[in-house]
Amino acid sequence: VFLAMWELGLKAYAQEVGIDWEWMAMDGAMVKAPLGGKETGANPTDRAKSGTKRIVLTDGNGVPIGFAIAGANRHDMKLNEETLESQPIVPTDLGAEELRNLCLDKGYDYDEVREILQAWGYVGHIPPRDESERIIHDIPNYRARRWVVERAHSWMNRFRRLLIRWEKKPENYLAFIHLACACIAVRAIQVFG
């Protein structure tokens, strides 16, 4: 039911504002899961306490358009394809010459991720893990675009039910996430419309 609400919210957002398919971003965040359950794991940033990882895919404005959850000990790159598959709305009217750019962080700097992105028709913008290969942007009008996914995680953390995972079943936690994504999509119509 909540997935359908999210899809309806995204369709309304796409009609009123328009989904920015040109520049998208994806990143993960870890939340505590003190009761454990499926899709939890030892959180490497919280002394191996039980936790869950949320991976969100956003459009250019930071509205969530794809989502996946897993144990906190799973690497972000392993959830790349699952997150892309979770999109309730996929663009069908994009021309062959239109680029879809996906901004990722260093955790996605693997050939496997680049192959998945290419198969999905995305141009990946991934900084190298090796600092010696770091690119200095001297492009005029260059702007960072990955911050919108961090803002999306912040918006989700405002829903207190999502800040700590109290549900043992991953389906229940995912339902609350879908409800939050639906609320964010509807609110974005007012903000960006």
Quick check: at a probe of 1.4 Å, how many percent of the accessible area of the stretch 39-125 sits on carbon and sulfur atoms? 46
log₁₀ of I(q)/I(0) at q = 0.11, 0.12, 0.13, 0.24 Å⁻¹ - the stretch 1-105, Debye sum with one point per alpha carbon: -0.40, -0.47, -0.54, -1.25
Rounded to the nearest 500, what is the chain's calculated 222 nm mean residue ellipticity when only DSSP H runs of at least 4 contribute -39500 (n - 2.57) each, over all residues? -11000 deg cm²/dmol
Cross-link pairs beyond the 25 Å C-alpha cut-off, checked among Lys106/Lys168; Lys38/Lys78; Lys38/Lys106; Lys106/Lys169: Lys106/Lys168; Lys38/Lys106; Lys106/Lys169
Straight-line reach from Lys49: which aspartates and glutamates fall under 17 Å, measuring Cα to Cα and dropping same-chain residues less than 8 apart? Glu39, Glu167
What full-extension length gain, to one decimal in nm, is calculated for Gln118 and Arg100 as 0.36 nm per residue of separation minus the Cα-Cα distance? 5.4 nm
What is the set of long-range amide H partners of Asn61 at a cut-off below 5 Å, with H atoms built 1.01 Å from backbone N? Asp20
Determine the relative contact order of the chain: mean sequence separation of Cα pairs under 8 Å and six or more apart, normalised by residue count, in whole percent. 31
Ignoring ligands, DNA and RNA, what accessible area per residue does the chain give at 1.4 Å, in Å²? 55
Share of Cα-Cα pairs in the chain beyond 28 Å, whole percent, is 26
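The values are calculated or read from the model by the stated rules, or taken from the named source; none is laboratory data. Note that the coordinates shown come from a computational prediction; the quantities given were computed from them, not determined experimentally. Note: areas computed on protein heavy atoms with side chains; ligands, DNA, RNA excluded. Shrake-Rupley method; radii C 1.70, N 1.55, O 1.52, S 1.80 Å.
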